[in-house]
Amino acid sequence: MASSTTVGRQVHPFVKWAGGKRQLLGEIQARMPESYGDYYEPFVGGGAVFFDLSPRTATINDINTSLINAYLQIRDNPHAVMEQLDFLDGGQNDCEDPKAYYYDVRERYNVRITSDAYDVETAALLIYINKHCFNGLYRVNAKGRFNVPYNNSRQASYTAENIIGLSQALADVTIANGDFEPTCADAKTGDFIFFDSPYVPLKADTFEAYTKEGFSREEHIRLAQLYRTLSDRGCYCMLTNHNTPFIQELYAGFNIDVVSVRRAINSDASKRTGTEVIITNY
């Protein structure tokens, strides 16, 4: 459902991101409030929902500094980002060994992020490796180095129309890099908050591994508390997650809709479909 507070722009995310919401957009749109004030998204990731809605007044956030740098550079320096991507794509097309080229670019990216060099070049490097790494997966090792292998593609990293459209869609957006809770500090009655946090593991005994990615069981409890606080404030809230007893318990008392989803990465074909929840407080 289109909100009266949105601006229609035909753009799509500049990166593929774990937990992306493209396949759930229809389900999410069908559950949107008819109108709302400001838009908040504390876990923006690839931004599929944000760019689909294109709200006029928005605050987006993510804990990943490199990702947020890319959002900022696309908003503020889109032509410089495209120049860097043209250089990277040109080098790929001219080389004899695209696999070796990818690993060279990946190393350049790692040197920059491990030295906190966040600028136009780093943004372009991120977009390039995202388009040319296996399944568009963003993963770093214990040393903070990106380590996803090459996907054997020579596809172009961007289209000018999309980058310019993204820059326009982000023009008046507040872009933050940090914890999810402060992102919503100014949310008021009638504002809309979409939560797409890292999902809880499907098996309760895998939280230890999950914690290494920075979102523990305790973080999910803190998020549920924030959801209730914002609900008491009169905000519209929507949250997505795996359909697990833990999530059902955390959000008991709210509207919990179970939806079917496809899971692309699973060697067992019988486990390539599953269920998720869309939770609303209205």
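The values are calculated or read from the model by the stated rules, or taken from the named source; none is laboratory data. Keep in mind it's a predicted model, so treat the numbers as computed, not measured. Because the Cβ atoms are built from the backbone with ideal geometry, glycine has one as well, and the counts that use them run over all protein chains shown.
Structure above, values below:
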item: Residue check, TYR103 more than 22 Å from VAL11 (Cα to Cα) and either modelled with pLDDT of 95 or more or over 23 Å from the mean Cα position of the chain (by Cα) (or both); result: yes
item: Residues that are in contact with a strand residue (DSSP E or B) (Cβ under 9 Å, 6 or more places away or on another chain) and in contact (Cβ under 8 Å) with a residue 40 or more places away in the chain, drawn from the stretch 126-146; result: LEU126, HIS132, TYR138, PHE146
item: For ILE265: the one exception among (1) at pLDDT below 95; (2) over 20 Å from ALA30 (Cα atoms); (3) not hydroxyl-bearing (Ser, Thr, Tyr); (4) not in a loop (DSSP other than H, G, I, E, B); result: (4)
item: Selection within the stretch 145-169 - of a type outside the set (Gly, Ala, Ser), in a loop (DSSP other than H, G, I, E, B) and over 20 Å from GLY47 (Cα atoms); result: ARG145, ASN147, VAL148, PRO149, ASN151, ASN152, ARG154, GLN155
item: Residue list for the stretch 76-114, restricted to those being more than 26 Å from LEU170 (Cβ to Cβ) and of a type in the set (Ser, Thr, Tyr); result: TYR101, TYR102, TYR103, THR114
item: Only listed residue being of a type in the set (Gly, Ala, Ser), within 30 Å of PRO55 (Cα to Cα) and touching a Phe, Trp or Tyr at 6+ places or on another chain (Cβ under 8 Å), chosen from GLY190, GLY91, GLY178, GLY165; result: GLY190
item: Filter result for the condition that a residue is among the small types (Gly, Ala, Ser), touching a residue at least 12 places away in the same chain (Cβ under 8 Å) and at positive phi, over SER66, SER54, SER35; result: SER54
item: Lone unmet requirement of (1) farther than 20 Å from LEU223 by Cα; (2) surrounded by fewer than 20 Cβ atoms within 10 Å (Cβ to Cβ) for ALA18; result: (1)
item: Identity of the residue in the stretch 29-74, in contact with a strand residue (DSSP E or B) (Cβ under 7 Å, 6 or more places away or on another chain) and assigned to a helix (DSSP H, G or I), that ends up surrounded by the most Cβ atoms within 10 Å (Cβ to Cβ); result: LEU53
item: Unique match (being among the small types (Gly, Ala, Ser) and not in a helix (DSSP H, G or I)) among ALA100, ALA80, ALA142; result: ALA142
item: Selected residue [in contact with a Gly (Cβ under 7 Å, 6 or more places away or on another chain) and either assigned to a helix (DSSP H, G or I) or under 21 Å from LYS16 (Cα atoms) (or both)] from ASN130, ASN110, ASN93; result: ASN130
item: From ALA156, ALA169, ALA187, residue being surrounded by fewer than 16 Cβ atoms within 10 Å (Cβ to Cβ), in contact with a helix residue (DSSP H, G or I) (Cβ under 7 Å, 6 or more places away or on another chain) and in contact (Cβ under 8 Å) with a residue 24 or more places away in the chain; result: ALA156
item: Residue among ASP104, ASP116 that alone is surrounded by fewer than 19 Cβ atoms within 10 Å (Cβ to Cβ), over 13 Å from SER66 (Cβ atoms) and among the acidic types (Asp, Glu); result: ASP104
item: Among residues of the stretch 160-212, those that are among the hydroxyl-bearing types (Ser, Thr, Tyr) and at pLDDT 95 or above, counted; result: 4
